[in-house]
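Every number here is computed from the coordinates shown, using simple stated rules; none is lab data. Since the structure is predicted, the reported quantities are computational estimates derived from the model, not experimental observations. Backbone-built Cβ (ideal geometry, glycine too); neighbour counts: all protein chains shown.
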């Protein structure tokens, strides 16, 4: 019986090639998109869940609160907290700590070959046992016993050495050689601990001076992670940590208070609002939205199938009637339709798998991940099965119940299953499908204009002509404080001469030294260290400290509210300060601001607020100083059309002064793209998703129009014989569908308004949602739908009426 069902189903597919192509095509596109989205969703939901005993592992999260009621949350803790916990807390089974290198790019050397890393990680004892790393070579024992050791992931070992078995090979960092003591498996995509190069914390604290500096309760420098015994109360453990803070942290007023909570490892990935976290974090709401969108996209394709199945009910009434006369039961008819749906869904699933395999490299590049599509892998297999079952349920149940319950009398009355007219049900589905498409079009328009708005806010300079170059860290050996001071002076002199040389080049317009690595993503806050007349003794607000040469204003072109910029001819300006508007308000400075004492100088100017970090964040107080004692980078503006020549000069000048030392540079437009990478991805995603929604909706609409014209072929022929024009016939065939599209626009507009208002709430600075966004989206939807309908309508209207009426 099953073979017979499938045989009939295959015959029906072959006889209705166009509708089969529409159904399988739209379903396969929707399934492939849903599979890719759900692979990402599944990965997000799996974060850190493969770690044994993950439900008993916690990170110590701290909330710091200043005396002026400002607060911020961090996952880092004082270094001595770990040792104290291990000694005094019996409920702690295992404890380890981690910290990352700071100060920008790290240079590593294998023989004479240099490798640059954004950072490296330092870990304490029990780290690899606590998180259950898998060693391919070596073990953690030698790593812990020898401070100058290093452990690499497989991919990093292969990149640096060309092979994986690299035990006892040497990596040089600064003036120290580190021995490879182990190679571990690559971190899974769903791990929060994406560290490829790990050193012992002991190698970082390799002198009494460094150990003394770290071994204090003043600063949060290390991430502390613990595994608790079963049945331990995490809140009680956090309370004991609070007691340690109260007993050991300095009682200085500007430090405020600090309290601890135990953050479960399983909650780490979806925990946000954390200052300077080293772990990748996601948004649970984003995951939920993507999962819903994947379902809606699949549902939109299923609507096409159901619509066409309902529309073709009348055409199949003779077939169903003959089967009933021949003795077929309703149950047999039901399973016949189910068999057709199973065949279509399996074919669509097969095509979708081919599409997924083909598009996976592009998807990996978009997500910056390395997803693998293996149907035999349990999670992927479950995802495939889930998508197929959802699709099968959506496309099979109503058509099977409708067609198997066909009654000749109901057919004449236009009544379907559950006393619902098939035409009414079809219209509801079409409206729902186009409503989704309109929501996506509105979303695309608003995301595009928000992204354009963000680009326009950084208009004080031409980003394509600006680049930052980091001052390299050299391979030197420093064995005393005096040598360190001497090297600092030598480096300062070298940097100053380098600036003069670069400034003299015809291809370079301006050169500025900075104490920060970037001017558009400087969100590094500090508090304390500044004073002014009228400041309350316990008032220590956070601010962003900008140290730069006097030439910075030539590039940034600050707009002044009052006062002036630094003058290199005025020696006292080295002690003076320029503030932004937010700093004036936050510090409580009253007019006239210019001339007020600030630290050892005075305020000489107030500039309008400018964007110094991501526009998701509010502009912070900024203190600008005309010196760069800790110069870490150069900001260079090239002459128009001279970017290539200028870059060549810069590279050769740096190589001459920092021979054999790699250095890092980035153009401002690249930094901008990096800063708003996630927002750009949101724009790209909405474009793709909107395009797929429109494509699926239009394919369904095309199928419906094609079927409608087939059913009205003789009507169209008679109208043409009676003198109807092509335009009137096109209007006749199009008007019903256009009504549905207009209804969809009315329904979708408030949904889109609410969704996009929620999305924009994540930005501190955003566009207003204007009425014309909806008018533009509606016009696009109507135009696309009209183009789709007109294509088939014009074809039907141009048909020779003699052919249409020949059978009569």
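Extension gain, residue 117 to residue 177, is 19.9 nm, computed as 0.36 nm per intervening residue step minus the present C-alpha separation.
In plain terms, the chain from residue 292 to residue 369 could stretch by 25.6 nm, reckoned as 0.36 nm per residue minus the Cα-Cα distance. A crude spin-label estimate for the pair residue 677 and residue 203, with each label 7 Å from Cα along the Cβ direction, gives 2.6 nm. Note on residue 714 and residue 210: the model spin-label points, each 7 Å out from Cα along the C-beta direction, lie 9.3 nm apart. Full extension of the chain segment joining residue 722 with residue 330 gains 136.7 nm, where the gain is 0.36 nm per residue of separation less the Cα-Cα distance. Specify the inter-centroid distance of the stretch 188-228 and the stretch 112-141, based on alpha-carbon positions, in whole Å. Taking the Cα centre of each part, the stretch 188-228 and the stretch 112-141 sit 12 Å apart.
Computing FRET efficiency as 1/(1 + (r/R0)^6) for residue 506 and residue 742, where r is the C-beta to C-beta distance and R0 is 51 Å, gives about 0.25.
Calculated FRET efficiency, residue 273 to residue 496, Cβ-Cβ distance, R0 = 35 Å: about 0.25 to the nearest 0.05.
Per-residue ellipticity at 222 nm, computed for the chain from helices alone with -39500 (n - 2.57) per DSSP H run of at least four residues, works out to -17000 deg cm²/dmol. Looking at the chain alone, DSSP beta bridges between its own residues are antiparallel in about 80 percent of cases.
With contacts defined as alpha carbon pairs under 8 Å and 6 or more residues apart, what's the relative contact order of the chain in percent? It comes to 16 percent, rounded to a whole number. Note on the stretch 336-383 and the stretch 598-668: Cα centroid distance 47 Å, given to the nearest whole angstrom. Once the Cα atoms are used to define both axes, helix 677-711 deviates from the longest principal axis of the chain by about 0 degrees. Round to the nearest 10 and give me the degree value, 0 to 90, for the angle of helix 771-797's Cα axis relative to the longest principal axis of the chain. Compared with the principal axis, the helix lies near 30 degrees.
Report the FRET efficiency, 1/(1 + (r/R0)^6), for residue 559 and residue 240, where r is their Cβ-Cβ distance and R0 is 45 Å, rounded to 0.05. Here the calculated transfer efficiency is 0.30. With neighbour counts taken as other beta-carbon atoms within 10 Å, the residues 17, 156 rank, fewest first, as 17, 156. Would you work out if the stretch 123-249 is rounded, prolate or oblate? Take a ≥ b ≥ c from the square roots of the eigenvalues of the alpha-carbon gyration tensor; rounded if a/c is under 1.5, else prolate when a/b is larger than b/c, oblate otherwise. It comes out oblate by the Cα gyration axes. The residues 106, 225, 718, when put in order of fewest to most other Cβ atoms within 10 Å, stand as 718, 106, 225.
Remark: 18, 343, 81, 45 ranked as 18, 45, 343, 81, counting other beta-carbon atoms within 10 Å and listing the fewest first. Axis angle, to the nearest 10 degrees, between helix 330-367 and the longest C-alpha principal axis of the chain: 30 degrees.
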